[in-house]
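Okay, structure first, notes after.
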Amino acid sequence: MIKIIIATSNPHKLEEINAINSSNDVEFDVIKGSFNPDETGKSFLENAIIKAKEASKITKSYCLADDSGLCVDILDSRPGIYSSRYAPTQKEKIEKLLNELKNIPKEKRTAHFTCSMVLVNGEGEILHTQEGRVEGLIDFEAKGTNGFGYDPVFYIPQYNKTIAELPDTVKNTISHRANALNPMIQWIKENLV
Ligand code: ITT
(Lines give C-alpha, C1' and ligand atoms only; values in the text may rest on other atoms or scores of the structure.)
Protein backbone atom coordinates (compact mmCIF):
# COMPACT_ATOMS: atom_id res chain seq x y z
CA MET A 1 0.00 0.00 0.00
CA ILE A 2 1.29 3.44 -0.91
CA LYS A 3 -0.11 6.77 0.28
CA ILE A 4 -0.04 9.75 -2.05
CA ILE A 5 -0.87 13.34 -1.16
CA ILE A 6 -3.00 15.26 -3.64
CA ALA A 7 -1.58 18.76 -4.19
CA THR A 8 -4.84 20.68 -4.51
CA SER A 9 -7.09 23.14 -2.71
CA ASN A 10 -10.09 21.96 -4.72
CA PRO A 11 -12.08 19.39 -2.69
CA HIS A 12 -13.94 18.21 -5.81
CA LYS A 13 -10.68 16.92 -7.29
CA LEU A 14 -9.92 14.69 -4.27
CA GLU A 15 -13.51 13.44 -4.29
CA GLU A 16 -13.28 12.51 -7.98
CA ILE A 17 -9.77 11.03 -7.64
CA ASN A 18 -10.97 8.78 -4.79
CA ALA A 19 -14.03 7.75 -6.80
CA ILE A 20 -11.94 6.93 -9.89
CA ASN A 21 -9.34 4.97 -7.90
CA SER A 22 -10.36 1.32 -7.64
CA SER A 23 -6.97 0.04 -6.44
CA ASN A 24 -6.53 -1.27 -2.90
CA ASP A 25 -2.78 -0.68 -3.24
CA VAL A 26 -2.94 3.11 -3.65
CA GLU A 27 -4.49 5.56 -1.19
CA PHE A 28 -4.95 9.28 -1.78
CA ASP A 29 -5.19 11.99 0.85
CA VAL A 30 -5.43 15.74 0.45
CA ILE A 31 -2.76 18.18 1.56
CA LYS A 32 -3.69 19.71 4.92
CA GLY A 33 -3.95 23.45 5.53
CA SER A 34 -4.05 26.21 2.95
CA PHE A 35 -2.31 25.37 -0.31
CA ASN A 36 -2.17 28.00 -3.00
CA PRO A 37 1.16 28.18 -4.86
CA ASP A 38 1.47 30.77 -7.63
CA GLU A 39 0.57 29.03 -10.89
CA THR A 40 3.07 30.92 -13.05
CA GLY A 41 3.57 28.17 -15.64
CA LYS A 42 2.77 28.57 -19.34
CA SER A 43 1.11 25.16 -19.69
CA PHE A 44 -1.01 22.73 -17.68
CA LEU A 45 2.07 20.55 -17.25
CA GLU A 46 4.24 23.41 -15.92
CA ASN A 47 1.55 24.37 -13.40
CA ALA A 48 1.09 20.77 -12.29
CA ILE A 49 4.87 20.53 -11.73
CA ILE A 50 4.81 23.72 -9.61
CA LYS A 51 1.97 22.35 -7.43
CA ALA A 52 3.45 18.85 -7.06
CA LYS A 53 6.91 20.17 -6.07
CA GLU A 54 5.47 22.69 -3.61
CA ALA A 55 3.36 19.97 -1.94
CA SER A 56 6.37 17.69 -1.70
CA LYS A 57 8.41 20.48 -0.08
CA ILE A 58 5.70 20.75 2.60
CA THR A 59 4.90 17.06 3.14
CA LYS A 60 8.19 15.35 2.18
CA SER A 61 6.17 12.52 0.68
CA TYR A 62 4.84 11.29 -2.67
CA CYS A 63 2.59 14.02 -4.11
CA LEU A 64 0.29 14.10 -7.13
CA ALA A 65 -0.88 17.36 -8.71
CA ASP A 66 -3.71 17.83 -11.20
CA ASP A 67 -3.76 20.96 -13.34
CA SER A 68 -6.77 21.07 -15.53
CA GLY A 69 -8.99 23.35 -17.55
CA LEU A 70 -11.33 23.96 -20.42
CA CYS A 71 -10.02 24.63 -23.95
CA VAL A 72 -12.53 25.99 -26.48
CA ASP A 73 -11.41 25.65 -30.09
CA ILE A 74 -13.00 28.82 -31.49
CA LEU A 75 -11.52 30.84 -28.61
CA ASP A 76 -8.00 29.66 -29.54
CA SER A 77 -8.08 27.20 -26.59
CA ARG A 78 -9.13 29.79 -24.00
CA PRO A 79 -9.77 29.87 -21.07
CA GLY A 80 -7.17 27.05 -20.94
CA ILE A 81 -4.69 27.45 -18.10
CA TYR A 82 -6.68 30.49 -16.97
CA SER A 83 -9.88 28.45 -16.44
CA SER A 84 -9.99 29.09 -12.70
CA ARG A 85 -9.11 32.80 -13.13
CA TYR A 86 -11.43 33.53 -16.11
CA ALA A 87 -13.99 35.40 -13.89
CA PRO A 88 -14.44 35.80 -10.10
CA THR A 89 -17.18 33.20 -9.47
CA GLN A 90 -18.10 29.99 -11.28
CA LYS A 91 -21.48 31.46 -12.23
CA GLU A 92 -19.74 34.48 -13.79
CA LYS A 93 -17.23 32.21 -15.57
CA ILE A 94 -20.06 30.30 -17.22
CA GLU A 95 -21.94 33.52 -18.10
CA LYS A 96 -18.80 35.02 -19.62
CA LEU A 97 -18.14 31.87 -21.67
CA LEU A 98 -21.73 31.67 -22.96
CA ASN A 99 -21.53 35.36 -23.82
CA GLU A 100 -18.29 34.94 -25.77
CA LEU A 101 -19.95 32.14 -27.76
CA LYS A 102 -23.31 33.92 -28.17
CA ASN A 103 -23.51 33.81 -31.96
CA ILE A 104 -21.49 30.67 -32.55
CA PRO A 105 -23.45 27.73 -34.05
CA LYS A 106 -23.42 24.26 -32.48
CA GLU A 107 -20.91 22.69 -34.89
CA LYS A 108 -18.30 25.36 -34.07
CA ARG A 109 -18.64 25.04 -30.27
CA THR A 110 -16.15 22.15 -29.97
CA ALA A 111 -14.03 22.02 -26.81
CA HIS A 112 -12.12 19.70 -24.54
CA PHE A 113 -11.14 19.43 -20.91
CA THR A 114 -7.47 18.66 -20.34
CA CYS A 115 -5.89 17.29 -17.18
CA SER A 116 -2.13 17.18 -16.61
CA MET A 117 -1.01 15.04 -13.70
CA VAL A 118 2.46 15.03 -12.19
CA LEU A 119 3.74 12.61 -9.55
CA VAL A 120 6.81 13.58 -7.49
CA ASN A 121 8.62 11.82 -4.66
CA GLY A 122 9.43 13.21 -1.21
CA GLU A 123 12.49 14.98 -2.65
CA GLY A 124 10.38 16.76 -5.28
CA GLU A 125 11.77 14.70 -8.19
CA ILE A 126 9.34 14.10 -11.05
CA LEU A 127 8.57 10.37 -11.31
CA HIS A 128 5.80 10.31 -13.89
CA THR A 129 3.49 12.61 -15.87
CA GLN A 130 0.23 11.79 -17.57
CA GLU A 131 -2.29 13.72 -19.63
CA GLY A 132 -5.99 13.05 -20.10
CA ARG A 133 -8.67 14.66 -22.26
CA VAL A 134 -12.40 14.53 -22.88
CA GLU A 135 -13.98 16.02 -26.00
CA GLY A 136 -17.35 17.75 -26.19
CA LEU A 137 -19.25 20.90 -27.13
CA ILE A 138 -20.13 24.05 -25.19
CA ASP A 139 -23.89 24.05 -24.72
CA PHE A 140 -26.08 27.16 -25.22
CA GLU A 141 -27.15 27.25 -21.56
CA ALA A 142 -26.10 25.75 -18.23
CA LYS A 143 -27.83 22.48 -17.34
CA GLY A 144 -27.53 20.09 -14.39
CA THR A 145 -26.08 20.28 -10.89
CA ASN A 146 -23.57 17.42 -10.66
CA GLY A 147 -19.80 17.79 -10.90
CA PHE A 148 -18.21 21.25 -10.58
CA GLY A 149 -16.65 24.08 -12.57
CA TYR A 150 -17.73 24.23 -16.22
CA ASP A 151 -19.56 20.86 -16.12
CA PRO A 152 -23.03 22.48 -16.57
CA VAL A 153 -22.06 23.79 -20.04
CA PHE A 154 -19.89 20.89 -21.22
CA TYR A 155 -22.13 18.80 -23.49
CA ILE A 156 -21.25 15.19 -24.37
CA PRO A 157 -22.95 14.24 -27.68
CA GLN A 158 -22.78 10.49 -26.94
CA TYR A 159 -25.08 10.97 -23.92
CA ASN A 160 -27.01 14.01 -25.20
CA LYS A 161 -26.35 15.61 -21.79
CA THR A 162 -23.98 18.03 -20.10
CA ILE A 163 -21.51 16.46 -17.66
CA ALA A 164 -23.46 18.11 -14.82
CA GLU A 165 -26.58 16.16 -15.92
CA LEU A 166 -24.72 12.83 -15.88
CA PRO A 167 -24.32 10.70 -12.74
CA ASP A 168 -20.90 11.02 -11.05
CA THR A 169 -20.18 7.40 -11.98
CA VAL A 170 -20.36 8.30 -15.68
CA LYS A 171 -18.24 11.47 -15.33
CA ASN A 172 -15.66 9.45 -13.43
CA THR A 173 -15.46 6.94 -16.29
CA ILE A 174 -15.14 9.39 -19.20
CA SER A 175 -13.52 12.51 -17.72
CA HIS A 176 -10.14 14.06 -18.50
CA ARG A 177 -9.26 13.32 -14.86
CA ALA A 178 -10.13 9.62 -15.23
CA ASN A 179 -8.19 9.45 -18.51
CA ALA A 180 -5.09 10.81 -16.76
CA LEU A 181 -5.50 9.05 -13.41
CA ASN A 182 -6.14 5.48 -14.58
CA PRO A 183 -2.80 5.12 -16.41
CA MET A 184 -1.10 7.06 -13.57
CA ILE A 185 -2.39 4.50 -11.04
CA GLN A 186 -1.27 1.69 -13.33
CA TRP A 187 2.23 3.23 -13.42
CA ILE A 188 2.26 3.60 -9.61
CA LYS A 189 1.25 -0.06 -9.16
CA GLU A 190 3.96 -1.23 -11.56
CA ASN A 191 6.75 0.96 -10.17
CA LEU A 192 6.10 1.92 -6.54
CA VAL A 193 3.92 -0.71 -4.89
P1 ITT B 1 -5.94 23.52 -7.52
O2 ITT B 1 -5.08 24.40 -8.42
O3 ITT B 1 -5.76 23.83 -6.07
O4 ITT B 1 -5.80 22.06 -7.83
P5 ITT B 1 -8.12 24.68 -9.05
O6 ITT B 1 -9.61 24.48 -9.03
O7 ITT B 1 -7.63 26.10 -9.05
O8 ITT B 1 -7.50 23.87 -7.82
P9 ITT B 1 -6.86 24.32 -11.59
O10 ITT B 1 -5.83 25.37 -11.40
O11 ITT B 1 -6.43 23.04 -12.22
O12 ITT B 1 -7.54 23.88 -10.24
O13 ITT B 1 -8.05 24.99 -12.40
C14 ITT B 1 -8.94 24.19 -12.99
C15 ITT B 1 -10.20 24.93 -13.30
O16 ITT B 1 -10.72 24.34 -14.50
C17 ITT B 1 -11.23 24.67 -12.21
O18 ITT B 1 -11.28 25.69 -11.25
C19 ITT B 1 -12.52 24.55 -13.00
O20 ITT B 1 -13.07 25.82 -13.25
C21 ITT B 1 -12.05 23.95 -14.34
N22 ITT B 1 -12.14 22.48 -14.29
C23 ITT B 1 -11.13 21.58 -14.07
N24 ITT B 1 -11.59 20.34 -14.03
C25 ITT B 1 -12.91 20.42 -14.23
C26 ITT B 1 -13.94 19.47 -14.27
O27 ITT B 1 -13.71 18.18 -14.07
N28 ITT B 1 -15.17 19.91 -14.52
C29 ITT B 1 -15.43 21.21 -14.71
N30 ITT B 1 -14.52 22.18 -14.64
C31 ITT B 1 -13.26 21.79 -14.40
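Could you please find all residues in the stretch 50-59 being within 14 Å of the ligand (Cβ to nearest atom) and either free of Cβ contacts under 8 Å to residues at least 24 places away in the same chain or out of contact with any Cys (no Cβ under 9 Å at 6 or more places or on another chain) (or both)?
Narrowing the stretch 50-59 to residues within 14 Å of the ligand (Cβ to nearest atom): 50-55, 58.
Hits for the stretch 50-59 are Ile50, Ile58.
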Inset, instruction - Go through (1) closer than 15 Å to Asn47 by Cα; (2) surrounded by fewer than 19 Cβ atoms within 10 Å (Cβ to Cβ); (3) within 12 Å of the ligand (Cβ to nearest atom) one by one and return the number of the condition Thr114 breaks. - result: (2)
Inset, instruction - Would you kindly identify the helices (runs of 4 or more DSSP H) lying entirely within the stretch 75-193 that contain at least 3 residues that are over 28 Å from Thr59 (Cα atoms)? - result: 90-100, 168-174
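Criterion first (in contact (Cβ under 8 Å) with a residue 60 or more places away in the chain, more than 14 Å from the ligand (Cβ to nearest atom) and either more than 15 Å from Lys13 (Cα to Cα) or hydroxyl-bearing (Ser, Thr, Tyr) (or both)) does Ile138 satisfy it?
Here the answer is no, as Ile138 does not meet what is asked.
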Legend entry - Matching residues, the stretch 11-40, being under 24 Å from Tyr82 (Cβ atoms) and touching a residue at least 40 places away in the same chain (Cβ under 8 Å): His12, Lys13, Glu16, Ile17, Glu39
Legend entry - Those residues of the stretch 60-74 which are of a type outside the set (Phe, Trp, Tyr) and crowded, with 17+ Cβ neighbours inside 10 Å, in sequence order: Cys63, Leu64, Ala65, Asp66, Asp67, Ser68, Gly69, Leu70, Cys71, Val72
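I'd like to know if the stretch 39-49 contains one or more residues that are near the ligand (Cβ under 9 Å from one of its atoms), crowded, with 18+ Cβ neighbours inside 10 Å, modelled with pLDDT of 95 or more and more than 15 Å from Ile126 (Cβ to Cβ). First the steps, then the outcome.
Just the residues of the stretch 39-49 that are near the ligand (Cβ under 9 Å from one of its atoms), to begin with: 39, 44, 47-48.
Filter once more, so that each one left must be crowded, with 18+ Cβ neighbours inside 10 Å: 44, 47-48.
Cutting the leftovers down to modelled with pLDDT of 95 or more gives us 44, 47-48.
Those left that are additionally more than 15 Å from Ile126 (Cβ to Cβ): none.
Checked against the condition, which is being near the ligand (Cβ under 9 Å from one of its atoms), crowded, with 18+ Cβ neighbours inside 10 Å, modelled with pLDDT of 95 or more and more than 15 Å from Ile126 (Cβ to Cβ), the stretch 39-49 yields no hits at all.
Of the residues Tyr86, Tyr159, Tyr62, only one is of a type in the set (Ser, Thr, Tyr), within 9 Å of the ligand (Cβ to nearest atom) and more than 11 Å from the chain's Cα centre (by Cα); which? Please lay out each step first, then the result.
Numbers: Tyr159 fails: within 9 Å of the ligand (Cβ to nearest atom); Tyr62 fails: within 9 Å of the ligand (Cβ to nearest atom).
Exactly one residue qualifies, and that residue is Tyr86.
The values are calculated or read from the model by the stated rules, or taken from the named source; none is laboratory data. Computed from a predicted model, the values in this text were never measured in an experiment. In this analysis, Cβ positions are derived from the backbone assuming ideal geometry, glycine residues included, and neighbour counts consider all displayed protein chains.
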